[in-house]
Amino acid sequence: MKKNIVIIALVFIVPLMAFWILSNSNTTTAKTNMEVPTAENVIATGKPQVLKFTSTMCLDCQTMNKLFKEVFPKYSNDIVLTEISVQDGTAFTNEQIKKYNITLVPTMIFLDSNNKEVRRVEGAIDKDVLEGYLKGLK
């Protein structure tokens, strides 16, 4: 009887602990030239921007994080990167999710220097494609 209780407890506790660990892990992100995103940073920077909506539980997001860490540094002086974790639940995040109608992660929104959306990419993309999008952003 005690063995059954232990097995049942493990069946419930281990997945809950794994979920908690994965959702609270601090993954390395590609925030190169911005600290915490604010409404002012996203609204008027005078520079082209990339809004990257991501999640810690998403494998494609992890792939894109690695790709941005590799490609973005050479554009960091000319383009502002704002990474928004859809899981954090802040008012700013919820406002941006609604504003840009985010239904899938990863989603990258490329904004020109006038804050107009010029491209939206949902899902993972190749390194060469990302580099081409960043080069074409003005």
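Nothing in this text is a laboratory measurement; each read-out follows from the coordinates by a stated rule. Everything numeric here is computed off the predicted structure, so don't read it as measured data. Ideal geometry is used to build each Cβ from the backbone, glycine not excepted, and the neighbour counts take in all protein chains shown.
Couple of notes before you dig in:
- For the pair Trp20 and Thr63 in one chain, pulling the backbone fully straight at 0.36 nm per residue adds 13.3 nm over the alpha carbon distance.
- Scanning residues 5 or more positions from Ile79 or on other chains, none has an amide H under 5 Å from its amide H, with H placed 1.01 Å from N in the peptide plane.
- ³J(HN,Hα) computed for each position of the range 52-62 - Karplus, 6.51 cos²θ - 1.76 cosθ + 1.60, integer Hz, glycine/proline x: 10, 8, 9, 8, 6, 8, 9, 5, 5, 5, 5
- Estimated distance in nm for a label pair at Lys116 and Lys99, the labels positioned 7 Å out from Cα along Cα-to-Cβ: 1.8
- In terms of distances greater than 20 angstrom between alpha carbons, the cross-link table entries Lys69/Lys127; Lys98/Lys135; Lys52/Lys135; Lys98/Lys138; Lys74/Lys138 yield Lys98/Lys135; Lys98/Lys138.
- For the range 97-106, backbone phi angles converted through the Karplus equation (6.51, -1.76, 1.60; θ = phi - 60°) give residue-by-residue couplings of 4, 5, 4, 9, 6, 7, 10, 8, 10, x Hz, Gly and Pro being listed as x.
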